[in-house]
Every structure is written in C-alpha cells, then in structure tokens.
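*Asks:* Have a look at this one before I ask anything.
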Amino acid sequence: HTGLMPLPATGQPQDSKGHVQMAIKNNVKVFYFQDQCDVLAFLSADGRVERGAFLEQWKSIAQEAALDVQGIGPANENVDSLCPKLEASNVFFIARRKLDGGADMLYFSVKTLNGVVMLAEIGLRPGQGMGRVVVKAQQTPYVSLLAESLKAKLLS
C-alpha cells in the first residue's frame with residue numbers, strides 16, 4: 001500500500017543536504033531510514049518576488065552558490081519553453097537580460113514552505129549547450145540544493 005502524509009513546514013531551516021529522515025512504526029518495531037529529497041518539493045506557490053524587491057535583494061546578498069552546466073538541450077536553451085517548465089515547479093520568472101554576443105541572463109525567485117526566499121540567475125548561451133546557475137539567499141541552508149535542482153531541470 002502507498003500512503004501520503006503531509007509534511008509540516010514549520011521550524012527553522014536545517015542544513016540537511018537534502019536528506020529527509022523518516023520513521024515508520026508498526027506493531028513489531030520502528031523502522032528508521034532517510035532518503036534524498038529535491039528541494040523543489042518544498043517550494044511555495046507564493047514565491048514570486050516583485051522586480052524592484054528582487055534587484056534590491058540581489059545586490060544586498062554577497063554569498064552565493066554557483067554551478068556551471070554543460071549538456072543543456074536546445075529546448076531548455078529556449079527561454080519561452082524553459083520558463084513555464086520552471087514555473088510548474090514554483091520557480092518564478094522575474095526578468096530577462098540580453099548580453100552582447102546573444103547570451104541570456106534569466107532571473108527567478110522561489111520561497112520555501114517555511115518562508116526562506118531564494119533568488120536565482122540562470123545564464124544561457126543558446127546553441128552552445130552551456131550555462132551557469134547562481135543562487136543567493138539571506139538564509140543559506142537550501143542555496144546549494146536549489147542550485148543542484150535547477151541544474152537538473154536544465155539537463156532534463
């Protein structure tokens with residue numbers, strides 16, 4: 001049998017590296033285990049940050065997590081197809097900036113169920129299959145997890 005249980009989203013963020021610890025109790029004993037969980041599963045539908053607030057926050061946060069991404073397919077290099085794919089995971093498009101040479105800089109915001117706001121920049125060079133993901137937040141426990149999740153989305 002498969003059962004679904006609500007996950008409470010209270011308390012302070014923990015630096016769990018994406019691991020979720022679980023326990024199941026039956027009439028014989030308690031079974032403990034852990035599994036890796038994608039941070040996208042814990043994003044709230046109200047994570048869109050207003051453009052001016054995004055820019056202000058982006059400039060004020062020095063710490064960041066950055067990942068280079070290679071092997072991005074043509075569909076994910078297209079802004080018009082990538083943005084709806086990310087928004088379906090509660091990663092909200094804020095702005096786009098075109099650089100000389102044709103590169104696109106895309107800006108996104110998210111909010112976790114326990115209220116941690118994170119900002120992301122995805123740089124793409126259409127036709128080259130390469131990009132860069134940068135994530136910033138005032139509270140850092142989930143920053144590297146979001147960067148990894150965005151990288152996975154770019155490669156899927």
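The values are calculated or read from the model by the stated rules, or taken from the named source; none is laboratory data. Given the structure is predicted, the values throughout are model-derived calculations rather than measurements. Because the Cβ atoms are built from the backbone with ideal geometry, glycine has one as well, and the counts that use them run over all protein chains shown. Calculation scope for accessible area: heavy atoms of the full protein, side chains included, ligands and nucleic acids excluded. Shrake-Rupley method; radii C 1.70, N 1.55, O 1.52, S 1.80 Å.
*Asks:* I need the full set of residues from the stretch 28-57 which are charged (D, E, K, R) and at pLDDT below 90, in order please.
*Replies:* 35, 38 - these are the residues of the stretch 28-57 that are charged (D, E, K, R) and at pLDDT below 90.
*Asks:* Just checking, does the stretch 101-111 include any residue being of a type in the set (S, T, N, Q) and more than 17 Å from residue 148 (Cα to Cα)?
*Replies:* No, every residue in the stretch 101-111 fails to be of a type in the set (S, T, N, Q) and more than 17 Å from residue 148 (Cα to Cα).
*Asks:* Separate question: Go over the candidates 66, 62 one by one and state the one that is assigned to a strand (DSSP E or B), at pLDDT below 95, among the aliphatic types (A, V, I, L, M) and open to solvent by less than 100 Å² (accessible area, probe 1.4 Å).
*Replies:* 66
*Asks:* To continue, here is another question. Among the residues of the stretch 38-49, is any exposed (fewer than 15 other Cβ atoms within 10 Å of the Cβ), outside any loop (DSSP other than H, G, I, E, B) and without any contact (Cβ under 8 Å) to a residue 40 or more places away in the chain? Talk me through it step by step, then tell me what you get.
*Replies:* We begin by selecting, within the stretch 38-49, every residue exposed (fewer than 15 other Cβ atoms within 10 Å of the Cβ); these are 41, 45-46.
Within this subset, residues satisfying the condition of being outside any loop (DSSP other than H, G, I, E, B) are 41.
Restricting the remaining residues to those that are without any contact (Cβ under 8 Å) to a residue 40 or more places away in the chain gives 41.
The answer is yes, given that some residue of the stretch 38-49 is exposed (fewer than 15 other Cβ atoms within 10 Å of the Cβ), outside any loop (DSSP other than H, G, I, E, B) and without any contact (Cβ under 8 Å) to a residue 40 or more places away in the chain.
*Asks:* Can you tell me how many residues within the stretch 87-110 are surrounded by fewer than 19 Cβ atoms within 10 Å (Cβ to Cβ) and assigned to a strand (DSSP E or B)?
*Replies:* Result for the stretch 87-110: 7.
*Asks:* Quickly run through the stretch 111-149 and pick out the residues that are over 21 Å from residue 78 (Cα atoms), open to solvent by 20 Å² or more (accessible area, probe 1.4 Å) and among the polar types (S, T, N, Q).
*Replies:* 114, 138, 139, 140, 144
Matching residues to (1) in contact with a strand residue (DSSP E or B) (Cβ under 8 Å, 6 or more places away or on another chain); (2) closer than 17 Å to residue 37 by Cβ:
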position: 68; (1), (2): yes, no
position: 114; (1), (2): no, yes
position: 121; (1), (2): yes, no
position: 151; (1), (2): yes, yes
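*Asks:* Something else about it: Determine whether residue 54 is in a helix (DSSP H, G or I) and either out of contact with any Phe, Trp or Tyr (no Cβ under 9 Å at 6 or more places or on another chain) or more than 22 Å from residue 20 (Cβ to Cβ) (or both).
*Replies:* It is true that residue 54 is in a helix (DSSP H, G or I) and either out of contact with any Phe, Trp or Tyr (no Cβ under 9 Å at 6 or more places or on another chain) or more than 22 Å from residue 20 (Cβ to Cβ) (or both).
*Asks:* In addition: For the stretch 55-83, what are the residues that are free of Cβ contacts under 8 Å to residues at least 40 places away in the same chain and within 14 Å of the chain's Cα centre (by Cα)?
*Replies:* 83
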